[in-house]
1. Pick out the one residue from 107, 86 that is in contact (Cβ under 8 Å) with a residue 60 or more places away in the chain, closer than 20 Å to residue 37 by Cα, in the same structural domain as residue 28 (by TED's automatic domain parsing) and in a strand (DSSP E or B).
2. Among the residues of the stretch 32-49, is any modelled with pLDDT under 90 and among the aromatic types (Phe, Trp, Tyr)?
3. Take residue 384 and decide whether it is closer than 18 Å to residue 314 by Cα, surrounded by fewer than 22 Cβ atoms within 10 Å (Cβ to Cβ) and modelled with pLDDT of 95 or more.
4. Before we move on, is residue 355 assigned by TED's automatic domain parsing to the domain that holds residue 400, free of Cβ contacts under 8 Å to residues at least 40 places away in the same chain, surrounded by 14 or more Cβ atoms within 10 Å (Cβ to Cβ) and touching a helix residue (DSSP H, G or I) at 6+ places or on another chain (Cβ under 9 Å)?
5. How do the pairs read when you match residues in the stretch 188-202 that are more than 21 Å from residue 393 (Cβ to Cβ) with residues anywhere that are of a type in the set (A, V, I, L, M) and outside any strand (DSSP E or B), using Cβ under 8 Å and keeping only pairs 6 or more apart or on different chains?
6. Counting only residues that are within 27 Å of residue 197 (Cα to Cα), at pLDDT below 95 and assigned to a loop (DSSP other than H, G, I, E, B), how many does the stretch 263-292 have?
Amino acid sequence: MQYQALLKILLLEDSDFDAQLMLRELTQRGMESILTRVETQPEFEAKLEEFAPNVILLDYALPTFNGGEALAIAKERYPDIPVIMISGAVGEEIAVELLKNGASDFILKNRMERLVPSIKRALNEVSIREAKHRVEAELRALNEQLESRAAETAQELWEKNLHHQEDLVMAQELQMALLSDRFPTLPAGVHEAASAVKFSSIFKPLGAVSRDYYHVVQVSDTAVGIFICDVMGEGVRAALATTMMRVLREQLDKSSGSPGELLTQMNQWLRGTLRQLDHSLFVTACYIVVDIAQGSLTFANAGHPSPFLLREATNRVERISGQSASLGPALGLRDGVEYSTEKCSVDAGDLLMTFTDGLVEVENANAEAFSMDRLGESIRRGAGLPVTKLMQDIFSDIRRFADGVEFSDDVCLVGMEISRLQRSHA
């Protein structure tokens, strides 16, 4: 989310040390802001009016004025300003009560790394609400104009605009809530430059509502998983796709790490959900787990384009397709499907590239598709490049191939570079 001016933050905090910690966290995370600090109720009420903050940070425990009282005042006067509670230690019941009373989040002072992500999430929620209010206002104005026309025509146009605006709002939620902006590192917590695996992604939705989705998750101390999928189906609404993706992501985060079992569980859930909704929808998907201790890559595929693996030792580009005669149909098509888990070896310097079919189906003026072969050759030419530079070059190759022709589908590309292995020694 971008702002036209510096973010204005009102901080209720009586500790100079804690205030400096918060300011340093904001600065180190690149959040440009104007922070005004107060310690008493009169100061808080005055600055609430004069300073007009975008975000309010409240220390829960102060000598004469606590964060719960400040929260009540803020929500009564300015209910749309997000309020984040901060405390050194507080019981779960109090934290739950504060969230029920309108707090956007609750952060412990020993977890200050959560401050900036929490502020961004709270501001994104405000943006979504504002967009929804604008949509509702536009719809009311449109409805007033349509009342002068024939009732049947007016109703048809109103529904068309309503559905379109709903999709736009749902698309905002999808982009903000589902696509993480930070990738895991191995070992966990190290700086990206020191990580044994490095990631990069390119995500280009065709319109407001994207059907592509990806998620990268740490599976263990030495393994990461990449999930990528493409939602398809006649008349699929953005709300349905968003709900489905959230549940799939929850299942992914709880997965034991077996790709075949994960896709089997997803298919069972999706089939059951679609029967209840009486909806036609299916999803091509691929889930890959790379373990740097074992030097292994395990994966399962549900009708999705096979990822590419660039071998550093040979500069060869291989399609990860496995040995099974059939790796399984798309999710949601059939009951009782059991997806197999395939395995191959990987080594330091290898590079994995996953993508959706919109990437290889980009066409030029002669109606020729970019194709899997051209993508494989583009990857091979980039051998030795860092993953981010390689992906930029691939996307440039695709744009040159299209030569001005607009893309006809969403484009999603996720790459992973294996910088080193972490084999255990007996």
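The values are calculated or read from the model by the stated rules, or taken from the named source; none is laboratory data. All values derive from a computational prediction rather than experimental measurement. A quick note on method: Cβ atoms are made from the backbone with ideal geometry, for glycine too, and the neighbour counts reach across all protein chains shown.
1. Details: 107 fails: in contact (Cβ under 8 Å) with a residue 60 or more places away in the chain.
That would be 86, the only listed residue that is in contact (Cβ under 8 Å) with a residue 60 or more places away in the chain, closer than 20 Å to residue 37 by Cα, in the same structural domain as residue 28 (by TED's automatic domain parsing) and in a strand (DSSP E or B).
2. no
3. Numbers: closer than 18 Å to residue 314 by Cα: yes; surrounded by fewer than 22 Cβ atoms within 10 Å (Cβ to Cβ): yes; modelled with pLDDT of 95 or more: no.
Answer is no for this residue.
4. Working: assigned by TED's automatic domain parsing to the domain that holds residue 400: yes; free of Cβ contacts under 8 Å to residues at least 40 places away in the same chain: no; surrounded by 14 or more Cβ atoms within 10 Å (Cβ to Cβ): yes; touching a helix residue (DSSP H, G or I) at 6+ places or on another chain (Cβ under 9 Å): yes.
Criteria not met by residue 355.
5. 195/186; 196/186; 196/292; 196/421
6. So the answer is 0.
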